[in-house]
Amino acid sequence: MIRLFQKRKFLVFSSFILLVVFVMPGKAFPEPLNFSLADDYVEITGGFTGSDLVVFGDREGDGEVVVVIEGPAHDSVVRRKERTFGAWVNRSSLRFKGTASYYDYALSVDSESEILSLDLQKERRLGLLALKFAPHKDRYDEEVTVLFQDALLRNQQQNNLYPIKPQKVLFLGEHLFRADFHLPSNVPSGEYKVRALLVNDGQIVYEQTKELQVGLTGFSSNVHKFSINHSFLYGFLCVLIACFAGWLSNFLVQRN
Amino acid sequence: MQLYLPIAEMAVSVETIFVLSAVVGLVSGLFGVGGGFLTTPFLIFIGIPPTVAVGTQASQLVASSMAGSLGHLRRHNVDLKMGCVMMVGGLLGSFLGIFIFKFLQYLGQIDFAISMLYILLLGGIGSLMFLESVASLFKKKEDVRKAFNNTRISPFILALPYKMRFPRSKLFISAFVPGAIGFIGGVLASVLGIGGGFLIVPAMIYILGMPPLLVAGTALFQVIFTTGSATIMHAVLNNTVDIVLAIILILGSVVGAQIGVSISWLFKGRQVRVFLALIVLAVCAKLMVDLFMAPDDIFSTVMAQ
């Protein structure tokens, strides 16, 4: 545990050093904004219970900083329960296209509305209001659709997949900043995008994007892949293991 | 200790699952019931998705029915021919069951269906067990395991075609009857992840008229195949069999069953049956509360398949 902690500290520290050594000398032609991830691969192993993600950056230009993490897009189905003969049963549903499987963001100000217009937030997918969920079919009128859209956001917040409020971008000096995120244990795997933006005077003056891989590794990954690629064999092996366990327990009973 | 389940894609506490399956194993060791009907609701209570609970529980039942039927085989208490005929029906039933499961999933009603079926099932068995065990407290003891079954088989069943001889059970009966009983067991294995012993065993006694001594072993023998087939089909069509979860469940139930068998002399059968009935009814009540109480949020979101 202590070693792991030290390893993490070391990583954070070394990325800080790297940043200072390689980014700072670029001052001759400075980029207005530069950032790096302490880890660019989040490994989901057998003991995975969530992971901290640290973004380090250097701001040379003027303006406020926004950092966004977005998971791979997929379709979501939102279902609504209604009371039916006393029991609560799913009665209606709406499917949404291309919703972010994970979303979190950090700001150097308290709220994105302080620095960006709603139109610009939506255009660049910045903040919770910008997460527009487009229904697959226009099944319901706007009033009902909004209920489903709100529910999708709320449900994902309850699942810790969307934030309730933005994280803070902290400045460690005039230029250097860091933002701390926490990926929960149920984080979906896939290719993530991390974006850092510089906002000045209501305009986005600079944007930088980096990729982050979140994936199963080691035993978990092998089991998961095997269960998908060779599902029959996987099922068959599960049955064999269970049969063996049954035989073994019977054998042990008999010996006693 | 937290462990990440590769198929359920979530972290669970190993101790919780282990203790839970050990308790169910203990109950099944004490009472000689399969316990599948308790494990699946327990897994749902601690937040495992119902679909994963059902698929994985099926594989745990392969282990427990294997262990049980080996014991009966050694004592020659299995009618293998009867078991094989039931198995054919059971395999067909588990095919149908998986399609019912997929269809309910498509409708978005699988969680509701699993809860509702469990409520009906546990409520029914629980109250019957409770009444029976309370009544038996006041009755004189009689030999439950008679060597011969005096049940009169209904003339309708005797008139069915494709009659087959089952020398071990001393029966001459249509193959459709054990096949149909196995079929129902197979459907239950796929849809609910249970062996269905509570339904198959009475059916074998009262409809087939099998000697009670052979019933448990023969039922367990065919449960290996129905749950095995359900496991493979859940793995192929749903990808909901979590081997890591299954192994914890199997280990827990083996340990629990050992303890259950070794302390069963502590308990007198009749009083303990009242206790089991109350456990079953309590699980049923909890499921009902969850289904009938207003949920925190009437909306729920899932990733589309």
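The values are calculated or read from the model by the stated rules, or taken from the named source; none is laboratory data. Predicted model, so just to flag it, every value in this text is computed and none were measured. A quick note on method: Cβ atoms are made from the backbone with ideal geometry, for glycine too, and the neighbour counts reach across all protein chains shown. Heads up: the accessible areas ignore ligands, DNA and RNA and are worked out on the full protein's heavy atoms, side chains in. Shrake-Rupley method; radii C 1.70, N 1.55, O 1.52, S 1.80 Å.
Of A:ARG125, A:ARG91, A:ARG139, the residue with the greatest mean-square motion in the GNM of chain A, using alpha carbon springs below 10 Å, is A:ARG91. For the range A:60-75, 3J(HN,Hα) computed residue by residue from phi via the Karplus equation (6.51, -1.76, 1.60; θ = phi - 60°) reads 9, x, 8, x, 9, 10, 10, 10, 10, 10, 10, x, x, 7, 8, 7 Hz, glycine and proline entered as x. The separation of the range B:38-112 from the range B:120-139, counted between C-alpha centres, amounts to 24 Å. Among B:SER229, B:MET87, B:LEU213, flag the residue with its Cα farthest along the positive direction of the charge dipole of chain B, charges on Cβ as +1 for Lys/Arg and -1 for Asp/Glu. So the residue furthest toward the plus end is B:LEU213. Measuring nothing but how far apart in sequence close Cα pairs (under 8 Å, 6+ apart) lie, relative to its length, chain A scores a relative contact order of 25 percent.
Take every Cα pair under 8 Å in chain B that's 6+ residues apart, average their separations, divide by the length, and report that relative contact order as a whole percent. Normalised by residue count, the contact order of chain B is 38 percent. For the range A:190-247, the share of accessible area belonging to carbon and sulfur comes to 61 percent (1.4 Å probe, ligands and nucleic acids excluded). Computed from backbone phi with θ = phi - 60° and the Karplus coefficients 6.51, -1.76 and 1.60, the 3J(HN,Hα) list for the range B:128-137 is 4, 4, 5, 4, 5, 6, 5, 4, 5, 4 Hz; x is used for glycine and proline. Among A:LEU131, A:LEU172, A:LEU198, the largest mean-square fluctuation in a Gaussian network model of chain A, built with springs joining Cα atoms closer than 10 Å, belongs to A:LEU172. Taken about its Cα centre, the protein assembly as shown carries a charge dipole of about 3780 debye when Lys and Arg each add +1 at the Cβ and Asp and Glu each add -1 at the Cβ. For B:ASP242, the residues whose modelled amide H falls within less than 5 Å of its own, excluding neighbours fewer than 5 places apart on the same chain, are B:THR56. Mind pulling the angle between the C-alpha long axis of helix B:243-263 and the longest principal axis of chain B? Nearest 10 degrees, somewhere in 0 to 90. Tilt of helix B:243-263: around 50 degrees. Taken as entire DSSP H runs, the helices of chain A that both span 20 Å or more between Cα atoms along their own long axis and average 0.0 or more on the Kyte-Doolittle scale are A:2-18, A:231-255.
Counting only protein heavy atoms and a 1.4 Å probe, the protein assembly as shown has 49 square angstrom of accessible area per residue. In the range A:156-229, a dipole from Cβ-located charges (positive for Lys and Arg, negative for Asp and Glu) runs towards its positive end, and of A:VAL194, A:PHE171, A:ASN222 it is A:ASN222 whose Cα lies farthest in that direction. Taking chain B as a Gaussian network of alpha-carbon nodes connected by springs under 10 Å, the highest mean-square fluctuation of the residues B:GLY196, B:GLY228, B:GLY123 belongs to B:GLY123. The Cα atoms of chain B define a convex hull whose projected area, averaged across directions, is 16.7 nm².
Ordering A:LEU129, B:LEU80 by how much accessible area each has at a 1.4 Å probe, largest first, what is the list? Before the final figure, lay out the partial values.
Values: A:LEU129 115, B:LEU80 85 Å².
Result of the area sort, largest leading: A:LEU129, B:LEU80.
With the cut-off at 29 Å, tell me which of the pairs A:LYS132/A:LYS168; A:LYS81/A:LYS193; A:LYS165/A:LYS193; B:LYS102/B:LYS163; A:LYS137/A:LYS168 have Cα atoms farther apart than that. Cα-Cα > 29 Å for A:LYS81/A:LYS193; B:LYS102/B:LYS163; A:LYS137/A:LYS168; rest within.
Temperature 25 °C, viscosity 0.890 mPa s: under these conditions the Stokes-Einstein estimate for the range A:2-216, based on its Kirkwood radius over C-alpha pairs, is 130 µm² per second.
For chain B, a crude dipole built from +1 on the beta carbon of Lys and Arg and -1 on the beta carbon of Asp and Glu, taken about the Cα centre, is about 1700 debye to the nearest 20.
About the Cα centre of chain A, how large is the charge dipole given +1 on each Lys and Arg Cβ and -1 on each Asp and Glu Cβ? Please answer in debye to the nearest 20.
Details: 28 positive and 29 negative charges, 289 e Å.
Dipole about the Cα centre, nearest 20: 1380 debye.
Placing unit charges on each Cβ (+1 for Lys and Arg, -1 for Asp and Glu) gives the range A:46-146 a dipole about its Cα centre, and among A:VAL89, A:TYR103, A:VAL65 the Cα reaching farthest toward its positive end belongs to A:VAL89.
Amide H to amide H, with H built 1.01 Å from N, A:LEU176 comes under 5 Å of A:ARG59, counting only residues 5 or more places away or on other chains. Only aspartates and glutamates eight or more places from A:LYS225 in sequence, or on another chain, were considered; those with a Cα closer than 16 Å are A:GLU43, B:GLU9, B:ASP242. Between the C-alpha center of the range B:185-243 and that of the range A:65-92 there is a gap of 35 Å. Amide H contacts of A:SER36 (H built 1.01 Å from N, in plane; Pro and chain starts excluded): A:PHE56, A:GLY57 sit under 5 Å, all sequence-distant by 5 or more or on other chains.
Over the Cα atoms of the range A:217-256, the radius of gyration divided by the Kirkwood radius equals 1.22; this is the Rg/Rh ratio. Other residues lying with their Cβ under 13 Å from the Cβ of A:VAL223 contribute a combined charge of -1, Lys and Arg counting +1, Asp and Glu -1. Shape summary of the range B:103-248, radius of gyration then Dmax from alpha carbon positions: 18.1, 52 Å. Average projection, convex hull of the Cα set of the protein assembly as shown: 31.2 square nanometres. The value of relative contact order for the range A:70-202, using C-alpha pairs under 8 Å at least six residues apart, is 29 percent. If you take all other residues with their beta carbon under 14 Å from the beta carbon of B:PHE112, and give Lys and Arg +1 and Asp and Glu -1, the sum is +2.
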